[in-house]
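My structure is below; once you've seen it, I'll send some questions.
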Amino acid sequence: MALSTENIHFIETYLKKSGVVFMDIRLEMVDHVASEIETRVNDGDCRDFYFIFKDYMVENKRHLLKRSDGYYKIADKSNLKALFKKATSVFGIVSLLGLGFLLLTVRSYLEPDVTHTILKYAPMIILILFGCIYFVFTKIKKERFSLLERIGFYFAILFHIVNMVYSSYNSSQSLESSPGLAIMFFTTVILWIFLLIVINTFQLRSFYFSKYKHAL
Amino acid sequence: MANSNLYKGSLTTIILKLLSEHDKMYGYEITQKVKALTKGELKITEGALYPSLHKLEAEGLLDVEVAKVDNRLRKYYKLTEKGTTETVHKLSELEQYIATLQSLINPKLSY
């Protein structure tokens, strides 16, 4: 006997309210709980769905919710691995060199004070870009997906590094001369990592779109 | 049930072995299969199974497929090419481990 749509919806709502916010994780838990309840019914448990569900949760809720917490570590590691793979690919190396060349060309054409002004506001500009990418593209039709949302972890790390380095740079620089090569190199690397994260975000979106098309 | 800690290190190998014998499997099916094969001796909890599946997926050893079954969505796992190779390697490692343990615990029966 298969559970009704209402029963499935009840399990899903219960898990969502219990903190299982990621759709890719929750749908698997819903199926697990539903399958176990169906097995119990098929084995002769004649009670109403809610009583069987309640008993199952009393026995297994701790195990179910434990896996939800442990997934962050796996998701972060998986995202880092994907970024590293991109960084060491031909595209990664060519884009790093291209960005470096582009920034050095821009620096040679702009007046020193203009370049300094750009660098002064760099943390704010980068924060706005992060915010746009994170809040607009890490959700698909209001649903949250684990790998996609955990990309925010790397945005946060990157933002703190940017903030720290540019703040200390801006407070110690003279506005008369062009920015040194060290800060230009740092800017190139930051923009490059940002580019890799953005590409990864869009690839994950397309992965979730194709794999979870039935749920969206 | 026996001390489940003894099985912990072999969980991924057990999952890979089961998947190598089936085209694709979903989480609950794996727990039931293990329970049936071990006559209830080993029960894999949700808290242990799913993080292992996700880890294997993240390592590129498993691929996922989501399908609609009985009013709900079901996530199936299947071995990738890399996963098939890794299964052979992990099984060989486990066999070696069992043989070593055997020679320590019961030297007369060791092979």
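Every residue, every condition in (1) surrounded by fewer than 16 Cβ atoms within 10 Å (Cβ to Cβ); (2) over 30 Å from A:V198 (Cα atoms); (3) of a type in the set (S, T, N, Q), yes or no:
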site: A:T5; (1), (2), (3): yes, yes, yes
site: A:I37; (1), (2), (3): no, yes, no
site: A:D45; (1), (2), (3): yes, yes, no
site: A:D55; (1), (2), (3): yes, yes, no
site: A:Y71; (1), (2), (3): no, no, no
site: A:S89; (1), (2), (3): yes, no, yes
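Further, regarding this structure: I'm told A:L127 meets every condition in (1) hydrophobic (A, V, I, L, M, F, W, C); (2) within 20 Å of A:H160 (Cβ to Cβ); (3) crowded, with 17+ Cβ neighbours inside 10 Å except one. Can you identify the failing condition by its number?
(3)
Could you please give the count of residues in the stretch A:139-151 that are buried (at least 17 other Cβ atoms within 10 Å of the Cβ) and out of contact with any Leu (no Cβ under 9 Å at 6 or more places or on another chain)?
So the count comes out to 3.
Of all residues being in contact (Cβ under 8 Å) with a residue 40 or more places away in the chain and acidic (D, E) in the stretch A:76-128, which is nearest to the other protein chains (Cβ to nearest Cβ)? Just the residue, please.
Per the stated criteria, the residue is A:D76.
Of the numbered conditions (1) hydrophobic (A, V, I, L, M, F, W, C); (2) within 14 Å of another protein chain (Cβ to nearest Cβ); (3) buried (at least 16 other Cβ atoms within 10 Å of the Cβ); (4) out of contact with any Leu (no Cβ under 9 Å at 6 or more places or on another chain), B:L49 fails exactly one; give the number of that condition.
Here B:L49 meets the rest and fails (4).
Another question, if that's okay. Can you tell me how many residues within the stretch B:76-111 are over 15 Å from B:T12 (Cα atoms) and away from chain A (no Cβ under 14 Å)?
Looking only at that region, the number is 16.
Given the structure, is A:T13 hydroxyl-bearing (S, T, Y) and at the interface with chain B (Cβ under 9 Å from one of its Cβ atoms)? Write out each step before concluding.
On the way: hydroxyl-bearing (S, T, Y): yes; at the interface with chain B (Cβ under 9 Å from one of its Cβ atoms): no.
Considered against the rule, which asks whether it is hydroxyl-bearing (S, T, Y) and at the interface with chain B (Cβ under 9 Å from one of its Cβ atoms), A:T13 comes out as no.
Quick test of your reading of the structure: B:Y111 fulfils all but one of (1) modelled with pLDDT under 90; (2) in contact with a helix residue (DSSP H, G or I) (Cβ under 6 Å, 6 or more places away or on another chain); (3) on the phi < 0 side of the Ramachandran plot. Name the failing condition by number.
(2)
Just to be sure before I move on: is B:L73 among the hydrophobic types (A, V, I, L, M, F, W, C), more than 8 Å from chain A (Cβ to nearest Cβ) and not in a helix (DSSP H, G or I) in the structure I sent?
Considered against the rule, which asks whether it is among the hydrophobic types (A, V, I, L, M, F, W, C), more than 8 Å from chain A (Cβ to nearest Cβ) and not in a helix (DSSP H, G or I), B:L73 comes out as no.
Residue-by-condition table, conditions (1) of a type outside the set (D, E); (2) closer than 22 Å to A:I151 by Cα:
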residue: A:S4; (1), (2): yes, no
residue: A:K17; (1), (2): yes, no
residue: A:E28; (1), (2): no, yes
residue: A:K81; (1), (2): yes, yes
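Also, I was wondering about something else. Condition first: touching a residue at least 60 places away in the same chain (Cβ under 8 Å) and touching a Pro at 6+ places or on another chain (Cβ under 8 Å). Now tell me which residues in the stretch A:55-75 satisfy that.
Matches in the stretch A:55-75: A:Y71 only.
Right, another one. Under 6 Å between Cβ atoms, at least 6 apart or on separate chains: pull out the pairs that start in the stretch A:35-54 with a residue that is touching a residue at least 12 places away in the same chain (Cβ under 8 Å) and end on any residue that is assigned to a loop (DSSP other than H, G, I, E, B).
Note: pairs meeting the criteria are A:V41/A:M1; A:I52/A:D45.
Still on this model: When you go through A:V136, A:V94, A:V106 one by one, which is the residue that is more than 22 Å from the chain's Cα centre (by Cα), among the aliphatic types (A, V, I, L, M) and either outside the structural domain of A:L191 (by TED's automatic domain parsing) or surrounded by fewer than 12 Cβ atoms within 10 Å (Cβ to Cβ) (or both)?
On inspection, the qualifying residue turns out to be A:V94.
The values are calculated or read from the model by the stated rules, or taken from the named source; none is laboratory data. If you're wondering where the values come from, they're calculated on a predicted model, not measured in any experiment. Because the Cβ atoms are built from the backbone with ideal geometry, glycine has one as well, and the counts that use them run over all protein chains shown.
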